[in-house]
Every structure is written in C-alpha cells, then in structure tokens.
Amino acid sequence: MNTKSENRLAFENEVMVNLDSMYRYALHLVRNQDDASDLVQETCARSLKATNRFKQGTNARAWLYAIMRNIFFNQRRAKSRGEIPSNWTDEVESGDQRFTGSVWPQPFEMFLRDMMREDIDKAMAMLSIDFRGVVLLCDVEGFSYAETAEILDIPVGTVRSRLHRARALLQKMLSQWFNEGLGVNES
Amino acid sequence: MKGWESMSPECLFVLDNYNDYISGELDPDRVSRVEAHIRSCPNCEIFLGKASRIHGRTAGLLRVQAPQTLRKSISSLLEKT
Ligand SMILES: [Zn+2]
C-alpha cells in the first residue's frame, strides 16, 4: 500500500499536461512518429526515476526537454559507434493520428489545413535541426529566448538570430500559402 | 521593402524589431515606440499585422498532438510505476 507523494502527483500532472509538447519536441528530434513515441516513453521512464530531483513550481517542461535531449544525443552517439541503444520495449503502436488538431472544424478548412501542414512539414524538414529547434521552442511552445537558450545550451543572441532567420526561410518556402508576401528578405 | 518610398527611420526601427515584438521579447520602451509608430504609419501597421498573422498560422499548424496510443501508454506507465 503506498500512496503517491504530493511531489510525485505534481510530476505526473506535468507529464500529462506536457505530453503533446514533448511529442512535438521528440518529432523534431527524430523526424518520425514511431521513434518520437519511443523517445517520449523513454523520457518519461527516465524522469520517473529522477522525480526526487523534480521541484514543484519549477519549469517542468524545460526539465523534461533537457532529459529528452540527453537521451536523444546519447542514443545517436551510441548508434554512430555501432552499439544498440537501450530502447523502451513496451508496446508502442504506430501513431497515425499525427494531425488531429481541432482548430478548424469545416471540411474544406480541414482539407486546406492538411495541405498546408504537409508543406509546413516539408519546409521544416528543410531547415537544419538548429533552426528547427528554435522555431519549435519559441514559436510553437512559447518558451522565451532565455528559456530556449538554456534548453539548447546556446547564447540568447544565437536564439534570436536563428529564430529570425528561420522565420524568414519558412515564410519564403510557404509564401504560396500566405499570398501576402512580407516583401522583406532577411539574409 | 518594395514600394516604401516614404520609409522613415521609425519604419526601419519597426523592421529591425518586429520579430522580437511578435515574440513578446521586446523591452517596454521599444514596444511603445513600435506601437506609437504604427498608429501613424499605415504601411507599418499593415506589415506588422501580416507578420503576426503568418507567424500565428505557422505556429498553429506546427502544433501537432501526441497520438492517443502514446497518451494511453504513458498513463499506464505512470499508474503502474
Ligand atoms: Zn512606418
């Protein structure tokens, strides 16, 4: 009979609240849905073992991201050395509901949104991992420049310049959808 | 910027700072300066509006959700551990 501590419950809440955001970050790192799900699972398993280091009221999401990033880079290093990384082995079915957002309900809008999403996905894939990272953290997840800098372990000035450049590139690649060009090219 | 013959130093100021403005990372003095300018410059007002819309749409579309299968396996992991 063991009741969960208040800290543990707070931790679980943070995990569930941040699950979408963790998945998006995983998708950004590994670029495929199955591996992204695996990475999120591994991150949860690892962070569960470290809940004693979790402090309520701190930025749990940034902490979870940092753990995920570590796992990802360790696995990548291990792979490049020809070793097999220790993978989470629980049942993970392929997620086919990648695009289940509920922003625009009408059929035509949904069709349009899917088309745009495909293009945005392609455009994002064309950005380097460094550029994609700042777009995701700042623009999608709403982290501040300072928080993003901390998560990625780079200077704030680098966050700013990468973000501005990435936005300009994305806008250029997606200009067909935004049939209103900004008429400004940062380079 | 094309067709901005009347671009003033304040327009250039907006151009230099709009990205940080959209990110909410501009300091309050600069925010006031940007906002004061767009009240009197239709070009910059339109420009900033477009930039915000494009930014909002892109971010919205990138906001993918976790698959239900993953959500379920994470809940059961938390439950049994
Ligand atoms: Zn102006």
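The values are calculated or read from the model by the stated rules, or taken from the named source; none is laboratory data. This structure is a prediction, so every number in the text was calculated from the model and none was measured. As a convention, Cβ positions derive from the backbone with ideal geometry for all residues, glycine included, and neighbour counts pool all protein chains shown. The accessibility values were calculated without ligands, DNA or RNA, using every heavy atom of the protein model including side chains. Shrake-Rupley method; radii C 1.70, N 1.55, O 1.52, S 1.80 Å.
Considering only residues that are within 16 Å of the ligand (Cβ to nearest atom) and surrounded by fewer than 18 Cβ atoms within 10 Å (Cβ to Cβ), which ones fall in the range B:51-80?
Passing the criteria: only B:Ser52.
Kindly check whether there is at least one residue in the range B:25-35 that is within 11 Å of the ligand (Cβ to nearest atom), away from chain A (no Cβ under 13 Å) and either closer than 30 Å to A:Met16 by Cα or of a type in the set (Asp, Glu) (or both).
No, that holds for no residue.
Between A:Gly142, A:Gly95, which is open to solvent by 40 Å² or more (accessible area, probe 1.4 Å), assigned to a loop (DSSP other than H, G, I, E, B) and either at the interface with chain B (Cβ under 9 Å from one of its Cβ atoms) or at pLDDT 85 or above (or both)?
A:Gly142
Working carefully through the options B:Glu35, B:Glu25, B:Glu10, find the one that is assigned to a loop (DSSP other than H, G, I, E, B) and farther than 30 Å from A:Gln33 by Cα.
Of B:Glu35, B:Glu25, B:Glu10, the one residue that is assigned to a loop (DSSP other than H, G, I, E, B) and farther than 30 Å from A:Gln33 by Cα is B:Glu25.
Where in the range A:1-84 are there helices (runs of 4 or more DSSP H), lying fully within it, with 1 or more residues that are surrounded by fewer than 16 Cβ atoms within 10 Å (Cβ to Cβ)?
Where helices (runs of 4 or more DSSP H) fall fully within the range A:1-84 and carry at least 1 residues being surrounded by fewer than 16 Cβ atoms within 10 Å (Cβ to Cβ), they are A:6-17, A:33-49, A:60-80.
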